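Since every read-out is calculated from the coordinates, none of them should be taken as a lab result. Predicted, not measured: the structure shown is a model, and the values here were computed from it. Counting neighbours? That spans all protein chains shown, and the Cβs are built from the backbone with ideal geometry, glycine included.
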Amino acid sequence: MPAPAEIVGLVDIVGLEILAAALRERRGVVLATAHIGNWELSGLLLGWLCEPVGVVARPLDNPALDRRLVAFRARSGNTVIYKRQALGAILRMLRAGQGVALVVDQNVQADEGIFVDFFGRKAAATTVAAALAVRLDAPLVMAWVELGPDGRYQFRFTSTRPRPGAERAAEVERLTQEITRVIEGWIRGAPEQWLWLHRRWKTRPPGEALEAPAS
């Protein structure tokens, strides 16, 4: 595998100061991303450019492949946190002032999230990233790595945070919608780079029919 400096040299970084400022608060940083561009590269870059983070992931079904992927994700010092029973590990890292990254563009069951607007349709979205930020009053940083037409990558950051004194459930809903809006913007800018093969709109609001399978 190429050396860290060689990998970093392929990337133009925009807004790293946003993440650096969030980490300096030592409240923990909730990082949200999506399956767009090179999301695996983003985890490596965080560990090399700023400081290692926790990476929340589902283990692969093949244990041998999973070990290789975990080793790759941990190469820059990151900690891989498996989704099952992950909350304790996530909270420990955030309370220690570290960052934890989650990929949040998947469909969820109706009782596991809320419905938000996504490309003009209601989509069931996880509230985990927003709920963590609200619970800990932590910055919420959204980051993505997009492949440019020149073959170089751009690693971009934007951020938001909970509003002081806001009602918790309403704030979780607002932030979840904001995250989804940002992800929609990424996809509109580079639709060919969104790699999510499952049915994103599968779960429907009460009273709506289930989404028909793709023909």
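Across the options TYR82, ALA34, ALA22, the greatest Cα extent toward the positive end of the charge dipole of the stretch 4-115 (unit charges at beta carbon of Lys, Arg, Asp, Glu) belongs to TYR82.
Of the residues ALA133, ALA166, ALA74, the one that moves most in a GNM of the chain with alpha-carbon contacts below 10 Å is ALA166. For the stretch 176-187, putting each phi into the Karplus relation 6.51 cos²θ - 1.76 cosθ + 1.60 with θ = phi - 60° gives couplings of 4, 5, 5, 4, 5, 4, 5, 4, 4, x, 4, 5 Hz, in residue order, rounded to whole numbers and with x for Gly and Pro. Only Lys, Arg, Asp and Glu carry charge here, each on its Cβ (+1 for the first two, -1 for the last two); on that basis the stretch 77-184 has a dipole of about 320 debye about its Cα centre.
Rounded to the nearest 20, the size of the Cβ-charge dipole of the chain about its Cα centre is 520 debye, with Lys and Arg at +1 and Asp and Glu at -1. Net charge dipole, the stretch 21-114: roughly 400 debye, given to the nearest 20, about the Cα centre with Cβ charges of +1 for Lys and Arg and -1 for Asp and Glu.
Along the axis of the charge dipole computed for the chain (Cβ charges of +1 for Lys and Arg, -1 for Asp and Glu, origin at the Cα centre), the listed residues MET93, GLN106, ALA133 are led at the positive end by MET93. Checking [x] 32, 18, 17; [y] 26, 22, 18; [z] 34, 20, 14 against semi-axes √(5λ) of the Cα gyration tensor in Å calculated from these atoms, the matching label is [y].
Residues in the stretch 115-127 carry Karplus couplings, in order, of 8, 10, 7, 9, 6, x, 10, 6, 10, 7, 10, 5, 9 Hz; the curve used is 6.51 cos²θ - 1.76 cosθ + 1.60 with θ = phi - 60°, and Gly or Pro positions show x. If R0 is taken as 35 Å, the Cβ-Cβ distance between LEU195 and ALA89 corresponds to a FRET efficiency of 0.85. Using R0 = 41 Å, the C-beta based FRET efficiency linking ARG121 and ARG163 works out to 0.95.
Potential lengthening of the chain between ASP150 and ARG181 amounts to 8.5 nm, from the contour at 0.36 nm per residue minus the alpha-carbon distance. In the chain, Cα pairs under 8 Å separated by at least six residues give a relative contact order of 28 percent.
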